[in-house]
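Working notes, structure below.
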Amino acid sequence: MTIVEGAVQAIGATPDEEEPGPKARRRIARLLALAWLALVSVLALVIPLLPAPKPGVSVGKIAASPFGHYLLGTDQLGRDIFSRVCWGARISIEVAALSTVIAFVVGVGLGLLAGYFRGFLETVIGGIADLSLAFPGLVLLLVLTSIRGASAHILIIALAILLTPTFVRLGRANTLAFMQREFVLAARSLGARHRRIMLREVLPNVLPSVSVYALTAAASVFVVEGSLSFLGLGIPPPTPSWGSMIAGGQQELLQHHPHMVLVPSVVLFLTVLSLNVLGNSRQEAGDRSRPVGSL
Amino acid sequence: MKYLLRRLGYLLVVLFAVTFLVSVMMDFIPGEPAYVIIGENATPAQIAQVHKELRLDDPVVTKYVRWVGNALHGDFGRSFRGNQPISKQLKQRLPVTLELVILSQVVALGFAFIMASYGSYKPKGVVDGGATFLSFGMISTPQFVLALVLMYIFGVKLHWFPVSNFTHITKSLSGNLKSVALPVLAISADPAGVYQRVLRSDMGRTLREDYITMAQAKGLSPGRILVRHGLRPSLFSTTTLAGITTARLIGGSVIIETIFSLPGIGQMLIQAINGHDYIAVQAVVGVVAVGYVVINTLVDLLYGVLDPRVLAK
């Protein structure tokens, strides 16, 4: 999803929503998405306090099926999958949240500067952003991890770098649109300083539409983090992450223990889906304030 | 014409910047290439010899200029491992990746065309609703999760498709198609979902135009209106998207190639990086960057076909 999602943002083609189905159904979908994200976050927060087995400890029975003695079964080393999914949520959420927030702050900041001051600054920032969209992101990730070794910190930094250009583009495009508005002109004629116009007049209007994309971006980080585990570049063991659990169970899948792959896969899918559902609905809600065209 | 030249110039700048950045990055990667070539027991004298032969101690810029010069002649150097010419490896592996990319784009665009056209013909119907719902699900499914699920259902349980053996197209066409079927499906789901959503929304907009009413008033059949009058003006966003996606997939099929052990350039890239074989990394990135430029140029040309006004500007 990351590949195309980036491309969608790159050309600014946001499909306008004509989702069939009554409003009520969409509200239910949104509530379910929120409920799922809340459940996952709460479990991730409280798992150290729960009387569940520690994620690295074997409980004795290898490859137990789900819904028996162990809620979600055990894996090839006899570790409790429920506990590992919850512990994995901690690291997966941390990576997704931090890298998105860093990219958001840096990207919107640069986009705001570029769109406000225009001229040379805009050319430089825009050029760099364009270039990095053409750059094979995987190479950057691979190079960074092979220099510093795979770790959560390196992942967060690398993913933040990859996400930033799109936030720059969105931030700049929205700034450009709001710079045309009367209230900016009014503020300027009242003698407001650049900083005040940027932070008090333009930024609050730019934020809503860009935060919509942040949800989608966060969803894509979950996916990339998982993908990297397949290349041996994700969160290194023994720390469980959803991606490494799925990648680690790959062999077992072929030996007829599908639950080791399916359980974390379903959790990951539902999380990505929920973020997309929310991102989508925020888009609808934000439509009124959204400027024409986001290129 | 001026527009095209400017775009082409811009894309060439991108091409050089990307390859140059990669060669700078490769310089940062720790690890002694001589160890890779000779082995862990290389003596300092042997290391110095390798450095001299491959001119590893030259400044980055010099190395890059030399690399570009050779690459333009189709010479990407020799792999650190096995001392094979890299161009030969590329020649074997590139077709595999291209096949994956092209087939998955055909599947994705086919899905989008059919679903979006029918969906805008009968808006808010069962097919339209179902397709929108399905697309949303496909966009939210991580590629590797879909790959593993497909592998489990159709490979392990039903034995319809092989799980990992790649059959080369020269050996058997049907065997080849069978071995790429699951990877292609896994790759195409996400773009298919995105194209469907974008195309459907653009079609919806186009169909509200006056000339569509005019065509209906003339008594043209719905199919003819959709394909001849509706589709072409609605293709702009989808074409751009498909271009960018195709270009990115050339380097982005790494995960799928790894999961299904397909001998494409994605697999080559990952092996090269793990083996500190930076000459091979540079070659793959170079090919990917050229692909990006070529495809984007083609897309720009396509704009002219879709809407001749673009070229007149």
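The values are calculated or read from the model by the stated rules, or taken from the named source; none is laboratory data. Since the model is a prediction, treat every value here as computed from it, not as a measurement. Backbone-built Cβ (ideal geometry, glycine too); neighbour counts: all protein chains shown. Surface accessibility is based on the protein's heavy atoms, side chains included, excluding ligands, DNA and RNA. Shrake-Rupley method; radii C 1.70, N 1.55, O 1.52, S 1.80 Å.
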*With A:Val261, A:Val223 as the choices, which residue is over 21 Å from the mean Cα position of the chain (by Cα) and surrounded by 23 or more Cβ atoms within 10 Å (Cβ to Cβ)?*
A:Val261
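So that you can scan it fast, the table gives a plain yes or no per residue for (1) at pLDDT 85 or above; (2) crowded, with 23+ Cβ neighbours inside 10 Å; (3) under 20 Å from B:Pro123 (Cα atoms):
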position: B:Thr213; (1), (2), (3): yes, no, yes
position: B:Lys218; (1), (2), (3): yes, no, no
position: B:Gly223; (1), (2), (3): no, no, yes
position: B:Val227; (1), (2), (3): no, no, yes
position: B:Leu241; (1), (2), (3): no, yes, no
position: B:Gly251; (1), (2), (3): no, yes, no
*Give the residue that is surrounded by the most Cβ atoms within 10 Å (Cβ to Cβ), with candidates limited to residues of segment B:27-48 that are modelled with pLDDT of 75 or more and of a type in the set (Val, Ile, Thr).*
B:Ile47
*Long-range neighbours under 8 Å by Cβ, at least six apart or interchain, first residue more than 9 Å from every other protein chain (Cβ to nearest Cβ) within segment A:243-269, second at pLDDT below 85 and open to solvent by 60 Å² or more (accessible area, probe 1.4 Å)*: A:Ser244/A:Pro237; A:Gly248/A:Pro237; A:His259/A:Ser65
_Condition check for B:Ile153: under 21 Å from B:Gly264 (Cβ atoms), within 12 Å of chain A (Cβ to nearest Cβ), assigned to a helix (DSSP H, G or I) and among the aliphatic types (A, V, I, L, M)_ = no
*Sort out which residues of segment B:258-270 are buried (at least 24 other Cβ atoms within 10 Å of the Cβ) and either more than 8 Å from every other protein chain (Cβ to nearest Cβ) or under 19 Å from A:Gln250 (Cβ atoms) (or both), and write them in order of number.*
B:Phe260, B:Gly264, B:Ile265, B:Gly266, B:Met268
*Pick from segment A:187-242 the residues that are within 14 Å of chain B (Cβ to nearest Cβ) and not in a helix (DSSP H, G or I): which of them is farthest from A:Ala177 (Cα to Cα)?*
A:Gly232
*Could you look through segment A:95-138, keep only residues that are crowded, with 19+ Cβ neighbours inside 10 Å and in contact with a Ser or Thr (Cβ under 7 Å, 6 or more places away or on another chain), and pick out the one that is farthest from A:Ser211 (Cα to Cα)?*
A:Tyr116
*Which numbered condition trips up B:Ala192, out of (1) closer than 30 Å to B:Leu72 by Cβ; (2) buried (at least 19 other Cβ atoms within 10 Å of the Cβ)?*
(1)
*Sort out for me the helices (runs of 4 or more DSSP H) sitting completely within segment B:49-144 that have 2 or more residues that are touching a Leu at 6+ places or on another chain (Cβ under 9 Å) and surrounded by fewer than 17 Cβ atoms within 10 Å (Cβ to Cβ).*
none
*Would you tally the residues in segment A:117-136 being touching a Gly at 6+ places or on another chain (Cβ under 8 Å), in a helix (DSSP H, G or I) and within 9 Å of chain B (Cβ to nearest Cβ)?*
1
*Residue satisfying all of: in segment A:9-37; of a type in the set (Gly, Ala, Ser) and modelled with pLDDT of 50 or more; nearest to A:Ala219 (Cα to Cα) among these*: A:Ala33
_What are the pairs with Cβ atoms under 7 angstrom where one residue, in segment A:199-223, is over 30 Å from A:Ala186 (Cβ atoms) and the other, located anywhere, is among the basic types (Lys, Arg) and open to solvent by 30 Å² or more (accessible area, probe 1.4 Å)? Sequence gap at least six, or different chains._
A:Leu215/A:Arg282
*Report whether or not B:Arg66 is of a type in the set (Lys, Arg), at pLDDT 75 or above and closer than 13 Å to B:Thr19 by Cα.*
yes
*Can B:Ile86 be described as more than 9 Å from chain A (Cβ to nearest Cβ), over 26 Å from A:Leu273 (Cβ atoms) and at pLDDT below 85?*
yes
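Yes or no, residue by residue, for (1) basic (Lys, Arg); (2) over 17 Å from the mean Cα position of the chain (by Cα); (3) farther than 24 Å from B:Ile244 by Cα:
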{"residue": "B:Pro85", "(1), (2), (3)": "no, yes, yes"}
{"residue": "B:Leu90", "(1), (2), (3)": "no, no, no"}
{"residue": "B:Leu94", "(1), (2), (3)": "no, no, no"}
{"residue": "B:Leu100", "(1), (2), (3)": "no, no, no"}
{"residue": "B:Val107", "(1), (2), (3)": "no, no, no"}
{"residue": "B:Phe113", "(1), (2), (3)": "no, yes, no"}
{"residue": "B:Gly119", "(1), (2), (3)": "no, yes, yes"}
{"residue": "B:Lys122", "(1), (2), (3)": "yes, yes, yes"}
{"residue": "B:Val126", "(1), (2), (3)": "no, yes, yes"}
*Within segment A:232-244, how many residues are on the phi < 0 side of the Ramachandran plot and more than 19 Å from the chain's Cα centre (by Cα)?*
4
*Does segment A:165-178 contain any residue that is in contact with a helix residue (DSSP H, G or I) (Cβ under 9 Å, 6 or more places away or on another chain) and either within 9 Å of chain B (Cβ to nearest Cβ) or free of Cβ contacts under 8 Å to residues at least 12 places away in the same chain (or both)?*
no
*Please work out which one of (1) crowded, with 16+ Cβ neighbours inside 10 Å; (2) more than 9 Å from chain A (Cβ to nearest Cβ); (3) assigned to a loop (DSSP other than H, G, I, E, B) is the condition B:Thr297 fails and give its number.*
(3)
*asked:* I want to confirm something. Restricting to segment B:271-281 and keeping residues that are more than 10 Å from chain A (Cβ to nearest Cβ) and touching a Ser or Thr at 6+ places or on another chain (Cβ under 7 Å), which single residue is surrounded by the fewest Cβ atoms within 10 Å (Cβ to Cβ)?
replied: B:Ile279
*Kindly list the number of the only condition in (1) open to solvent by 10 Å² or more (accessible area, probe 1.4 Å); (2) modelled with pLDDT of 85 or more; (3) farther than 20 Å from B:Met115 by Cβ that fails for B:Pro183.*
(1)
